[in-house]
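Input: a single structure, listed below in structure tokens.
The values are calculated or read from the model by the stated rules, or taken from the named source; none is laboratory data. These figures come from a predicted structure and were not determined experimentally. As a convention, Cβ positions derive from the backbone with ideal geometry for all residues, glycine included, and neighbour counts pool all protein chains shown.
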Amino acid sequence: SIASDNSGITLGNEFNFNNGEGNIKNSSITYLGEEGNSSYYAVVCAQDNGAGSVKILKHDGQNNTTLGTSDSTFTTTNNAAAEGHKIAVVVISSTKFVILWNLKYSIVCTRSGTDVTWGEIFDLEGNENGYAYHGAYDPIMNRVVFTTCQGVVKVCTISGSTISLLFESRFYSKDSIV
């Protein structure tokens, strides 16, 4: 954690995040929200051995930070992590978020304190794959939208710990890339 007063910046705790024997290739941190006087973040990484890790980081605003200790390693099924594909994390609520990698595989995660659990890894199938770059949640329609630099958008529905592909589209032609 980092705190600032008028005399400078103070650094707090430092954590080792690596959950496995691989090296971290890609990582993402996303603000989930507040509960009580604490702020919560989801920290996700992909390792070069094909493993993915999720930890919950709790910051109490007083230079005290806690990293969740639950066993939170999942397999990225096709070693997308080893290939260096970016991970996209989308917040649904302060206790629920979705991780997507390789614009094909996804997992719905649930936070309770600093513990995290998830449902099954879902293959969103479809015809368009690529690197997941960004995602957003539409709370009115209960939809998650993911995009890539290859011009693909995937719209998904969430129900409990299940995510399903509603539709996908290419918003520019592969042939128009210069």
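So, Y137, is that one of a type in the set (S, T, Y), under 18 Å from the mean Cα position of the chain (by Cα), modelled with pLDDT under 90 and crowded, with 16+ Cβ neighbours inside 10 Å or not?
no
Can you find even one residue in the range 82-90 that is over 21 Å from T110 (Cα atoms), at pLDDT below 70 and loosely packed, with under 13 Cβ neighbours inside 10 Å?
yes
For the range 33-50, how many residues meet the condition of being more than 11 Å from the chain's Cα centre (by Cα) and either surrounded by fewer than 21 Cβ atoms within 10 Å (Cβ to Cβ) or closer than 15 Å to K96 by Cα (or both)?
11
Might you check whether a residue that is at pLDDT 85 or above and under 18 Å from I163 (Cβ atoms) occurs anywhere in the range 126-133? Outline the logic, then answer.
So in the range 126-133, the residues at pLDDT 85 or above come out as none.
The answer is no; no qualifying residue exists.
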